[in-house]
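The values are calculated or read from the model by the stated rules, or taken from the named source; none is laboratory data. Keep in mind it's a predicted model, so treat the numbers as computed, not measured. Cβ placement follows ideal geometry from the backbone for every residue including glycine, while neighbour counts extend to all protein chains displayed.
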Ligand SMILES: Cc1ncc(COP(=O)(O)O)c(C=O)c1O
């Protein structure tokens, strides 16, 4: 049965409200990433695996607030915990509280690389704090990051996420390109951009910069370029190279932490970094859920005040109450939660692969556990960032637009990804696959067979 189309006539309030937002909010939204896409969505509310716009249209949500809402929208245990905390305790203390201990203890027990931690207010803050700690520990300034990785929007991290192809240099030794204007040129000199999954090139670059290189800020799975998993041996090689060159290994597990496994990618692949950053899933959608932590030897520099880290809202009890409830579910119900996330993701991935194959649409659907993405025009596995960039993004964007118009939402940018939640069931999987099948036919008829360019 063909899905109903959410066209302009069903989006009147949305358009009106978005225009109003644009009057007072620059661009209408407070993050660049949310302005990518063909049609604005103005939210009314979320519920489980769905959200509803102000016109009353329902969407199956595979974006989940860019990943945090691992239990879907409005999970009752988290809301209850936050409500009890704010109504009976308060929103902000700026003194230690039992929740600091409880949440800290649970994260330390779950994540192999975290012996001690500090709370932050966002993933960007956590990675910035981790970089500073690595600089203080090593007495060196430079940071290595992957081409195609997004580690936050701050001056120390915002490079080469989606670099312009006419300026990005060679694949083995990419140029460092700021992700936007306004980042001081002098900061650029502190960033070395390296190719994910090319261990030889990484080793050459680490050795070349070893006297200045403080850390490798590594997404262990390149999850900000679609989904690209590490090839066998890559993370092992990275650990060895960092050890041999006195370079701190930071895992940015903002996306992967508490998602691909309770202990994150480091648990999944068995590689322990020196510092780990977590956010998103660890709070199940609680705003401000973020932390960085590592070996006690490093964290001692925070404790004795050698390194400056602060934040009025860091470790606020409102956020910690949400994180605490999220962690209780993730830890106590571990098998059910991760089993369910993987079942949903596996069903979507198998379904999507089947649809593309049946329609003669070359596509590689890349998956690690509960997250996945499709790269059109490829039949071989996508293991490199520049291979992902060669995907037929126009095909992807038009597919997304058709799906959004039929009430199935995933992000319009090919280098975001799909996320599963515990609120998704077979109903949402079936509905989504039906819509994706319909949209695939439409886009193929319009654009022809996708090709990697
Ligand atoms: C891997 C990674 N690190 C850091 C960040 C920044 O987190 P935040 O948006 O909470 O600042 C993101 C955000 O998407 C991310 O994907």
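What to note about this one:
- Failed item, numbered, when residue 138 is tested on (1) out of contact with any helix residue (DSSP H, G or I) (no Cβ under 9 Å at 6 or more places or on another chain); (2) within 16 Å of the ligand (Cβ to nearest atom): (2)
- Candidate set from the range 8-45 (those that are over 30 Å from the mean Cα position of the chain (by Cα) and touching a residue at least 40 places away in the same chain (Cβ under 8 Å)); member that is surrounded by the fewest Cβ atoms within 10 Å (Cβ to Cβ): 12
- Filter result for residue 296 (within 11 Å of the ligand (Cβ to nearest atom), in the same structural domain as residue 118 (by TED's automatic domain parsing) and under 18 Å from residue 117 (Cα atoms)): no
- Some residue of the range 253-272 being crowded, with 24+ Cβ neighbours inside 10 Å, touching a residue at least 12 places away in the same chain (Cβ under 8 Å) and assigned to a strand (DSSP E or B): yes
- Of the helices (runs of 4 or more DSSP H) lying entirely inside the range 352-453, those carrying at least 2 residues that are modelled with pLDDT of 95 or more and over 23 Å from the mean Cα position of the chain (by Cα) are 426-447.
The rows are residues; the columns are (1) touching a residue at least 60 places away in the same chain (Cβ under 8 Å); (2) outside any helix (DSSP H, G or I).
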site: 243; (1), (2): no, no
site: 277; (1), (2): yes, yes
site: 301; (1), (2): yes, no
site: 306; (1), (2): yes, yes
site: 310; (1), (2): no, yes
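To keep it simple, each residue is scored yes or no on (1) crowded, with 23+ Cβ neighbours inside 10 Å; (2) assigned to a loop (DSSP other than H, G, I, E, B); (3) more than 16 Å from the ligand (Cβ to nearest atom).
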site	(1), (2), (3)
95	no, yes, yes
102	no, no, yes
129	yes, no, no
134	yes, no, no
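- Scan of the range 99-130 for residues that are over 22 Å from residue 304 (Cα atoms) and either over 22 Å from the mean Cα position of the chain (by Cα) or without any contact (Cβ under 8 Å) to a residue 24 or more places away in the chain (or both), ordered by number: 99, 102, 109
- Meets criteria (touching a residue at least 60 places away in the same chain (Cβ under 8 Å), assigned to a helix (DSSP H, G or I) and either away from the ligand (no atom under 13 Å from the Cβ) or in the same structural domain as residue 156 (by TED's automatic domain parsing) (or both)) for residue 216: no
- Subset tally (residues that are within 16 Å of residue 158 (Cα to Cα) and more than 10 Å from the ligand (Cβ to nearest atom)) for the range 219-229: 1
- Filter pass, residue 109 being part of a helix (DSSP H, G or I), within 15 Å of the ligand (Cβ to nearest atom), out of contact with any helix residue (DSSP H, G or I) (no Cβ under 6 Å at 6 or more places or on another chain) and in the same structural domain as residue 309 (by TED's automatic domain parsing): no
- Count of the range 52-65 residues which are under 15 Å from residue 424 (Cα atoms) and over 20 Å from the mean Cα position of the chain (by Cα): 2
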